[in-house]
Amino acid sequence: MTVHRSSRPGGRGGRPRSTARAAWLALASLLAAVAPAAGQAPTTRPPSPRAPAAPGVLPPLTPRASGDTIPLDPAVRYGVLPNGLRYYVRVNHKPEKRAELRLVVNAGSVLEDDDQRGLAHFVEHMAFNGTTHFARNALVNYLESIGMSFGADLNAATSFDETVYQLTVPTDSGGALDKGILILEDWAHGLRFDHAEIARERGVVTEEWRLGQGAGSRLRDKQFPVLFQGSRYATRLPIGTKASLDSASDAALRRFYADWYRPDLMAVVAVGDFDGAAVERQIRERFSALRDPAAPRPRPAYSVPDHDAPLVAIATDREATGTSVEVLYLLPPRATNTVGAYRRGVVESLYEGMLNRRLAELARRPDPPFIGAGSQVGRLIRAREVYSIGAAVPDSGVARGLATLLGEAERVERFGFTQGELDRARADLLRAYDRAYAEREKTNSAAFVSEYVEHFLVGEPAPGIAYEAMAARALLPTITLADVNDVARELITDRNRVVLVTAPDKPGVRLPDQAALLALFDEAKRAAVSAWVDSTSSEPLVKDAPKPGRIVGTRTVPEVGVTEWRLSNGARVLLKPTDFQADQVLLRAYSPGGTSLVADRDIVPAVTATAAVTNGGVGSFSAVTLQKRLAGKAVVVRPSISGDEEGVSGSASPQDLDLLLQLTYLYFTAPRADSAAFGALRQQVRAALANRGANPEVAWG
């Protein structure tokens, strides 16, 4: 994906911007990454927003047996055609008058023969270069004629294991939805593979390969053979190789399409503002005509072999912009479609959230061991799940960063978490489910589409938020500290372990070798570790309530549904009720000014001020204790200084509106100076900036 950015060469009013000033202004996005907003809880994995089968209050709690299968949301029209093709159809009115369509093919680059490397992706390109009903460019031209655009509304993606075609069409434009389903049918069995078009597109694919040969790709090419050692995945990157793209024959391209684009390996997904019965009928009529080959090739399931000895890949590159260390524990794919599996996922989510909060707290201490760190359980490829724990570190801080990560994992294994940590994580997760349920009628169609794609490809459950909210309320109270503490022993093992290190290739960067890295694992087991001290505060956020002001003037703007208040302190308040979200209040307070009015000598304090304040906390609360104090609350507040204004923005659930206003008041009146947090922030920024110029785009700019 390419992101196009525009920039303005001069400051406000045509004032020239100095080179130093421009460089410091570039800190804004970096600082935002290392300064989470007050109330923000990024370390607990929330549920995807999903809508239930019917509106109303949360269903009664009816926990099911652990082995019971999780049902598909009854709001989905699901079916399997006689030829094996599956379909998912769902009516959803957000956004209005739009439909999201997908053709999902359970075939990716891992299925390529030796003479087809890169051709799964090449086939995807050919889907836009002539089909049964659309000649070259006709498909793109048609979609542009109805207001769609290539990239945003028309796209496709090829990975190791699957290929997904994406199409967004209006449902109020004469026949556009019908044409969209016709396009999916053409992609499924109507690609032309004209020789001239193949020759033309070969250059496009080769150029895409060339543009991908940056630092990230070079580092990946050094590490993937280790990560996927002994597996077909190590030699089947979706982009292929330059040699294979140059030499691949038309016949090899057509063979991949004939072998793998067949109905028993496909699904059609349609979600949008339409007549569900009519769309289902069209899909059944159009796609029932597809036929499997007379002798279909078996669809193999490739795996990554187990290994007893740890694997290590240390990769450096002259254009790498940072240093990182990560430990991956490869896991077998596990069932996800039962109540017991769902409970396991909730337990692992709690474990991740609690460990990640500890790591975030360490990153705010003086002389932090890493810029940022985190852990996660997820799916690496179709054949492997993975538990990963990793950190971005200063250039010569790999050993210290890894030792800290392993030490914290060891601390959890020996002493577990505290009851307070579990209570907060449980409250945050339950609130996330409740908010998703409250917003059930506002869910965007694209969110449903992603869920059904995963349901088809890997059996990921998609029961709807009504079921999930019910399950969360039933299951979370049953999860004990022992359940969560056991996760470390289940995920962190001595087998199937991979250590990945990436770093800049430049003088002065000291990296441990393989033996030194592996020695840290043994040292962590032997190290003296004490239990975690969970510091909290139950004090009120605002100890002394301010003296209330007065509304001295009121007017309405009926054309836009806005009420304006003038306060006694001179502030102007604009209030607009909306029905965009069911459980959200947005606040934005601002005044004109910003860094455009700051002298060059003060630009560094100006662009670092909000990060310093956010990392310091407010009132008597550090950023860490504030986060704990707001557990289970849906509120986020962030001060900001941009080029031409300064202010505070935030959001909250209506029931947490008072907290939103309290935090906003505190950022105005009681930002907390925390020298330790500021020192940690300064080290993090220095480490992050150390290699920024190694990026050719930054150097050129």
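The values are calculated or read from the model by the stated rules, or taken from the named source; none is laboratory data. Since this is a predicted model, take the numbers as computed values, not measurements. Every residue, glycine among them, receives a Cβ derived from its backbone with ideal geometry; neighbour counts consider all protein chains shown. Quick note on the areas: whole protein, heavy atoms, side chains included, nothing else; ligands and nucleic acids left out. Shrake-Rupley method; radii C 1.70, N 1.55, O 1.52, S 1.80 Å.
Considering only residues that are of a type in the set (A, V, I, L, M, F, W, C), under 23 Å from Gly378 (Cβ atoms) and open to solvent by 30 Å² or more (accessible area, probe 1.4 Å), which ones fall in region 433-446? Ala446 - this is the single residue of region 433-446 that is of a type in the set (A, V, I, L, M, F, W, C), under 23 Å from Gly378 (Cβ atoms) and open to solvent by 30 Å² or more (accessible area, probe 1.4 Å). Of the set (1) among the hydrophobic types (A, V, I, L, M, F, W, C); (2) touching a strand residue (DSSP E or B) at 6+ places or on another chain (Cβ under 7 Å); (3) open to solvent by 50 Å² or more (accessible area, probe 1.4 Å), all apply to Leu663 but (3).
One line per residue, one yes/no per condition, for (1) closer than 28 Å to Ala199 by Cα; (2) open to solvent by less than 60 Å² (accessible area, probe 1.4 Å); (3) out of contact with any strand residue (DSSP E or B) (no Cβ under 8 Å at 6 or more places or on another chain):
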| position | (1), (2), (3) |
| --- | --- |
| Gln223 | no, yes, no |
| Gln229 | no, no, no |
| Lys242 | yes, no, yes |
| Arg262 | yes, yes, yes |
| Met266 | yes, yes, no |
| Ala278 | no, yes, yes |
| Arg286 | no, no, yes |
| Pro293 | yes, yes, yes |
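Among residues of region 464-476 that are over 10 Å from Tyr433 (Cα atoms) and open to solvent by less than 10 Å² (accessible area, probe 1.4 Å), those with a Cβ under 6 angstrom from a residue that is in a loop (DSSP other than H, G, I, E, B) and among the small types (Gly, Ala, Ser), sequence gap 6+ or separate chain, pair up as Gly464/Ala53. For Ala248, are the conditions met, namely being touching a residue at least 60 places away in the same chain (Cβ under 8 Å), among the hydrophobic types (A, V, I, L, M, F, W, C) and in contact with an Asp or Glu (Cβ under 8 Å, 6 or more places away or on another chain)? Yes, satisfied.
Among the candidates Ala320, Ala270, which residue alone is under 30 Å from Leu518 (Cβ atoms), under 25 Å from the mean Cα position of the chain (by Cα) and not in a helix (DSSP H, G or I)? Going through Ala320, Ala270 in turn, just one is under 30 Å from Leu518 (Cβ atoms), under 25 Å from the mean Cα position of the chain (by Cα) and not in a helix (DSSP H, G or I): Ala320. Could you list, ordered by first residue, the pairs with Cβ atoms under 8 Å in which the first is in region 596-611 and open to solvent by 30 Å² or more (accessible area, probe 1.4 Å) and the second is among the polar types (S, T, N, Q), at least 6 apart or interchain? As it stands, the answer is Asp600/Ser18; Thr610/Ser640, since those pairs meet every condition given. Identify, please: which residue in region 636-693 is among the charged types (D, E, K, R) and in a loop (DSSP other than H, G, I, E, B) and is, among those, farthest from Lys576 (Cα to Cα)? Going through the qualifying residues, I end up with Asp674. Pairs meeting the criteria (first residue in region 508-532 and surrounded by fewer than 16 Cβ atoms within 10 Å (Cβ to Cβ), second residue at pLDDT below 95 and among the hydroxyl-bearing types (Ser, Thr, Tyr), beta carbons under 9 Å, at least 6 apart or on different chains) are Gly508/Ser396; Arg510/Ser396.
Taken over region 489-507, residues that are open to solvent by 20 Å² or more (accessible area, probe 1.4 Å) and part of a helix (DSSP H, G or I) amount to 2.
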